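As structure tokens, the structure follows; a few thoughts come after it.
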Amino acid sequence: MKRYWGVALGILTAIGGFVDIGDLVTNAVVGSRFGMSLAWVVLVGVGGICVFASMAGRVTALGQRAVFEIIRERLGPRAALANLIGSFAMTFLTLTAEIGGVALALQLLVGVDPLLLVVPVAVALWLVVWRVRFTVMENAAGLLGLLLIGFVVALVALGPDWSDLGRQALRPSAPEGSSLAYAYYAVALFGAAMTPYEVFFFSSGAVEERWGARDLGVSRLNVLIGFPLGGLLSLGIAGSAAVVLLPAGIEVADLSQVVLPVATALGVAGVVVVTLGILAATAGAALETGLSCGYALAQYAGWPWGKRLQPVQAPQFHVTVAGVVLAAVLLLLTGVDPVLVTEFSVVFSAVALPLTYLPILVVANDPQYVGEHTNGPVLNAVALVYLVIIAVAAVAAIPLLVLTRMGA
Amino acid sequence: MKRVERRPGCCSRWAAAALVLVLGAPLAACGAAPDPLDVAASDLTSAAATVQLALEQHERGRLAGTTVEVVVDDALGTVAAAVTSLTESAGSPTDRELRSSLERVAVDLGTALRDVGDALGRGEATTVSGARVTELAARLDRLQREAGAS
């Protein structure tokens, strides 16, 4: 019974932990501009993160080493350093966006200027990293993140023309004169669904929780059931924006606009529920990105790492986590718009994705690391298709960003 | 498990190329400035429509005053950014005419939004200022179409 509960809990936290500020903002922007015509990108992105996370989970569980330890070992220190700099910068940008997202969600609840909330939010996050057990932290954020299901409930309650939404999703097409912007948001949405930190955290978390070969099945269930259901939350956000905001001529630029469809469908209670969900999702992702910065640097440098270790046992790791949280706060205190940071972070996620995807794909095929559990032919075929998609998205991201003037 | 030997070669070059892409991205992004007239028209229309929707929901008891105040604050930020962008933009004589119209409506919208915010802050009805926002939203809608056609 305990084992079934563990599996269910893992799946639920995977669902609730799937959405972060990047998914929230990008899906709402896309829904308000293009309706459901980019829903296929969410499906492709969910498939990609399932492939990526399942390979990373297997490599970690069998080798007892997390992503950056493997990357350094496999690529050597110089190439791995280049990899580290790119991935670390991306994860830091995402951390900044997530802390800003927590402040914006709190502003919706209490009406206080988000700039005043950034410092208390950061202190609270650091206290959680320092004092709360890994499993408690992960489960609490994931389970509370399930409140985002309010977006799906709102979509149903709005009573949309399902056949019209289905047509938009099944016959995707860019509005006239917006094909480049459509392509830009396709890349952004893909980057939001396949953020690299998710895999750093997933694989490092596997080491923190001491996964072994016997946990492979549970890990696979978490990924293959949890992430696709998490993708449904993303589609709920895009769908509710498509039904309410698109016809009203509202293009999402602020988090406060994202909850308006929920107000229309479910009223004040619905808004409070989804705002708490946004708070949990962004806070959970802020913890994950902050820890991921520490994981990546400590794993590359060969320092002791892990939340399970006291600061005195892993000082460099804990200083790194505290340092990146402080740096993110300083960046936010300049008055930079967290939503703008989010938009940059999802696009650059797409650019940085090959840095970690390719090494993990190579190692997942290496018997020296995974023994007999190398990728099968079907998984390899799918993983190679995703390698091509990831490469295309990475190469196209910056030209599209420039050509479309950030999707304008 | 044995430690695996480093395998240098194409991976190093691949990683270096990827790093150039990642670090070059922010530089490339700096040069990405949206067309001010189109974007300002679209942003102003969207801001007015957002406040209109939020006030409708507030009047029906579906959105708390605190949340509407945040929506109005955000919309004011959008209006301020649009006004700055319009002031700094240059353009053809036709564009300049459109820009002046947009600037005038943007200033009026800013005033109407502040009135809405003040009324909400005092816990009073937003009927008058809300109606003004609706009227400006309709004008912006027309101007946005002109901006799109120009």
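Overview of results
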{"item": "Candidates A:GLY111, A:GLY101, filtered to the one that is over 18 Å from A:LEU297 (Cα atoms), open to solvent by 10 Å² or more (accessible area, probe 1.4 Å) and touching a helix residue (DSSP H, G or I) at 6+ places or on another chain (Cβ under 6 Å)", "result": "A:GLY111"}
{"item": "Lone qualifier among A:VAL41, A:VAL119 - being assigned to a helix (DSSP H, G or I), open to solvent by 10 Å² or more (accessible area, probe 1.4 Å), over 18 Å from A:GLY306 (Cβ atoms) and β-branched (Val, Ile, Thr)", "result": "A:VAL119"}
{"item": "Pair list, Cβ < 6 Å and 6+ apart or interchain, from segment A:44-60 residues that are of a type in the set (Ser, Thr, Tyr) to residues that are open to solvent by less than 10 Å² (accessible area, probe 1.4 Å) and not in a helix (DSSP H, G or I)", "result": "A:THR60/A:ALA66"}
{"item": "Unique match (being of a type outside the set (Gly, Ala, Ser), within 10 Å of chain B (Cβ to nearest Cβ), open to solvent by 50 Å² or more (accessible area, probe 1.4 Å) and farther than 23 Å from A:GLY45 by Cα) among A:VAL273, A:VAL268, A:VAL312", "result": "A:VAL268"}
{"item": "Flag if A:VAL347 is facing another protein chain (nearest Cβ under 10 Å), closer than 30 Å to A:ASP113 by Cβ, open to solvent by less than 10 Å² (accessible area, probe 1.4 Å) and β-branched (Val, Ile, Thr)", "result": "yes"}
{"item": "Residue in segment A:160-183 that is among the hydroxyl-bearing types (Ser, Thr, Tyr), buried (at least 19 other Cβ atoms within 10 Å of the Cβ) and part of a loop (DSSP other than H, G, I, E, B) present", "result": "no"}
{"item": "Options B:VAL116, B:VAL68, B:VAL128, B:VAL133: the member that is open to solvent by 70 Å² or more (accessible area, probe 1.4 Å), in a helix (DSSP H, G or I), β-branched (Val, Ile, Thr) and over 14 Å from B:ALA40 (Cα atoms)", "result": "B:VAL128"}
{"item": "Filtered residue count, segment A:368-408, keeping only those that are open to solvent by 20 Å² or more (accessible area, probe 1.4 Å), of a type outside the set (S, T, N, Q) and farther than 12 Å from A:VAL187 by Cα", "result": "18"}
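Each row is one residue, and each column tells you yes or no for (1) in a helix (DSSP H, G or I); (2) free of Cβ contacts under 8 Å to residues at least 12 places away in the same chain.
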| position | (1), (2) |
| --- | --- |
| A:GLY306 | no, no |
| A:VAL341 | yes, no |
| A:VAL346 | yes, no |
| A:THR356 | yes, no |
| A:GLU372 | no, yes |
| A:ASN375 | no, no |
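Quick grid of which residues meet (1) more than 19 Å from A:THR342 (Cα to Cα); (2) assigned to a helix (DSSP H, G or I):
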{"residue": "A:VAL378", "(1), (2)": "yes, yes"}
{"residue": "A:VAL385", "(1), (2)": "yes, yes"}
{"residue": "A:VAL388", "(1), (2)": "yes, yes"}
{"residue": "A:ALA391", "(1), (2)": "yes, yes"}
{"residue": "A:ILE398", "(1), (2)": "no, yes"}
{"residue": "A:LEU401", "(1), (2)": "no, yes"}
{"residue": "A:ALA408", "(1), (2)": "no, no"}
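The values are calculated or read from the model by the stated rules, or taken from the named source; none is laboratory data. Model, not experiment: these values are computed from the prediction. Quick reminder, even Gly has a Cβ in these numbers, built from the backbone with ideal geometry, and neighbours come from all protein chains shown. For accessibility, only protein heavy atoms count, side chains too; no ligands or nucleic acids. Shrake-Rupley method; radii C 1.70, N 1.55, O 1.52, S 1.80 Å.
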